[in-house]
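Written below as structure tokens is the structure these notes are about.
The values are calculated or read from the model by the stated rules, or taken from the named source; none is laboratory data. Note that the coordinates shown come from a computational prediction; the quantities given were computed from them, not determined experimentally. Quick reminder, even Gly has a Cβ in these numbers, built from the backbone with ideal geometry, and neighbours come from all protein chains shown.
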Amino acid sequence: MTKYHPLSEEQAIEYARQIPDLFQSRAELSSREIGDGNLNLVFHISEPSTGKSIILKQALPYAKVVGESWPLTLDRARIESEALQIEESLCPDLVPHVYAYEPDLALTVMEDLSDHVIMRRGLIERNQYPLFAEHIARFLAHTLFFTSDLGKNQQEKKVQLGRFINPELCKITEDLIFDDPYRDADTNSIEAHIRDAAEQIWKDTELHLEVAILRNKFLTSAQALLHGDLHTGSIFIKAYSTKVIDPEFAYYGPMGFDIGAVLANLLLNFAGQEGWSTDEASRADYREYLLHTVKDVWNNFERNFRQLWNEHGVDRVFQTPGYQDYFIASLLQDTFGFTGAKMVRRVYGLAHVADIDKIEDASARERAQRLALSIGTKLIRFNRQAKSIDELIQLVTKET
Ligand code: ADP
Ligand code: MG
Ligand code: MG
Ligand code: MG
């Protein structure tokens with residue numbers, strides 16, 4: 001047994017050297033720590049003579065946020081490695097392969113995806129990814145369907161649910177998404193020029209009711225095994241390939257939360273286009289691409305999910321005529337609501353997104369922030385009336 005300690009670059013190399021059948025026994029290996037160091041260490045280990053490489057991701061026992069540190073369970077490394085392996089069994093081409101998990105060190109050994117780029121960066125560079133919608137929709141449909149009571153043996157689902165009790169990471173979401181942005185909380189990080197917009201939101205009791213309803217779903221609706229943190233920083237991408245990483249927030253929750261995370265991050269980049277393209281025509285072009293992608297993600301998801309249900313449904317009662325339509329209709333509504341909630345917190349909550357924060361021109365940044373807040377709050381307010389994805393597109397188009 002190895003006692004837990006954060007690895008140094010040299011220790012990471014020593015660890016990697018002992019993995020069977022990977023590197024040559026006496027090869028020169030190099031190691032670089034490439035994570036941001038806030039929650040986890042990420043080591044890139046390579047053997048220059050053969051070009052072989054792997055990633056070691058190690059959880060740290062604390063999270064450093066805004067200067068303070070708070071303890072954070074190492075069990076999230078187990079949750080991440082198990083979730084990755086379940087995802088791999090359902091859509092092998094869409095996640096990194098896990099070679100090994102070392103519980104004592106809270107360490108996952110996985111495939112190196114350095115030939116991809118983090119999608120948030122790709123979107124900020126205004127690249128287009130024509131296969132993304134199909135890929136992520138397939139990821140969502142397969143992972144959500146086959147871990148739910150629709151597609152998984154229901155006794156086995158209950159057992160699996162027990163392996164994904166993730167209270168500390170869920171609490172982060174409960175606080176930072178479904179509580180703090182709606183009051184004057186210390187964790188908020190509000191630029192002075194949009195304080196008035198935040199104060200408006202703190203007074204908006206109709207909005208608060210919708211947030212309470214969404215919060216309750218996040219707390220109680222154990223529909224499927226979620227990724228739990230599916231923003232564009234958790235997606236690696238290149239022209240023909242999409243890979244989802246970093247499921248340490250995985251738990252059994254409402255399906256619309258994962259779908260909403262994807263749509264919200266596309267829309268945050270949409271809002272950020274204020275700062276990334278000064279040419280109006282090319283801005284309009286890229287925004288149109290993003291909106292198409294939003295629509296394609298939902299439509300592909302719905303088609304995929306219905307097909308899985310028709311072909312692999314495990315529950316006779318759930319084949320009752322009308323039930324599938326009822327289920328999809330309420331999932332669309334949840335998706336509207338969670339998309340909105342995910343947007344609002346990224347503008348002035350604890351953690352922002354580079355798509356907006358990195359806009360240097362303060363007035364362009366402010367326009368992007370207000371646009372994101374306006375779209376986000378409207379989606380939250382409207383969520384329980386939503387009937388089609390076209391309404392989301394219209395709602396966003398009207399704002400610009
Ligand atoms: P955290 O949970 O700390 O956010 P991530 O899993 O998102 O950790 O990884 C942080 C960064 O490390 C990523 O943004 C990426 O740059 C790099 N990284 C993580 N996993 C891989 C991988 N499999 N291949 C290459 N780089 C990776
Ligand atoms: Mg990070
Ligand atoms: Mg991450
Ligand atoms: Mg993470």
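Output the residues belonging to segment 119-160 that are in contact with a Phe, Trp or Tyr (Cβ under 6 Å, 6 or more places away or on another chain), buried (at least 16 other Cβ atoms within 10 Å of the Cβ) and closer than 30 Å to S277 by Cβ. Once the filter is applied, which keeps residues that are in contact with a Phe, Trp or Tyr (Cβ under 6 Å, 6 or more places away or on another chain), buried (at least 16 other Cβ atoms within 10 Å of the Cβ) and closer than 30 Å to S277 by Cβ, segment 119-160 yields R126, A137, L140.
Tell me yes or no: at least one residue of segment 53-65 is more than 16 Å from ligand 3 (Cβ to nearest atom) and either assigned to a loop (DSSP other than H, G, I, E, B) or acidic (D, E) (or both). Let's see the steps before the verdict.
Going through segment 53-65, the residues more than 16 Å from ligand 3 (Cβ to nearest atom) turn out to be 53-54, 61-62.
If we keep only those that are either assigned to a loop (DSSP other than H, G, I, E, B) or acidic (D, E) (or both) as well, we get 61.
Yes, that holds for at least one residue.
Of all residues in segment 318-339, which are of a type in the set (G, A, S) and under 14 Å from F218 (Cα atoms)? Matches in segment 318-339: G337 only. Give the residues of segment 281-301 that are surrounded by 17 or more Cβ atoms within 10 Å (Cβ to Cβ) and of a type in the set (D, E), sorted by residue number. D296, the sole residue that qualifies.
Beta carbons closer than 8 Å, at least 6 apart along the sequence or on distinct chains, pair a first residue in segment 25-47 that is without any contact (Cβ under 8 Å) to a residue 12 or more places away in the chain with a second that is near ligand 2 (Cβ under 9 Å from one of its atoms) for I34/V42.
Of the residues making up segment 315-329, just one is surrounded by 12 or more Cβ atoms within 10 Å (Cβ to Cβ) and in a loop (DSSP other than H, G, I, E, B), namely D315. Of the strands (runs of 3 or more DSSP E) lying entirely inside segment 226-268, those containing at least 2 residues that are closer than 17 Å to I124 by Cβ and modelled with pLDDT of 95 or more span 235-238. Taking segment 74-131 as the range and being more than 17 Å from L41 (Cα to Cα) and basic (K, R) as the test, the residues that pass are R120, R121, R126. The combined condition, being touching a residue at least 40 places away in the same chain (Cβ under 8 Å) and either within 16 Å of ligand 3 (Cβ to nearest atom) or under 29 Å from G122 (Cβ atoms) (or both), is not fulfilled by T278.
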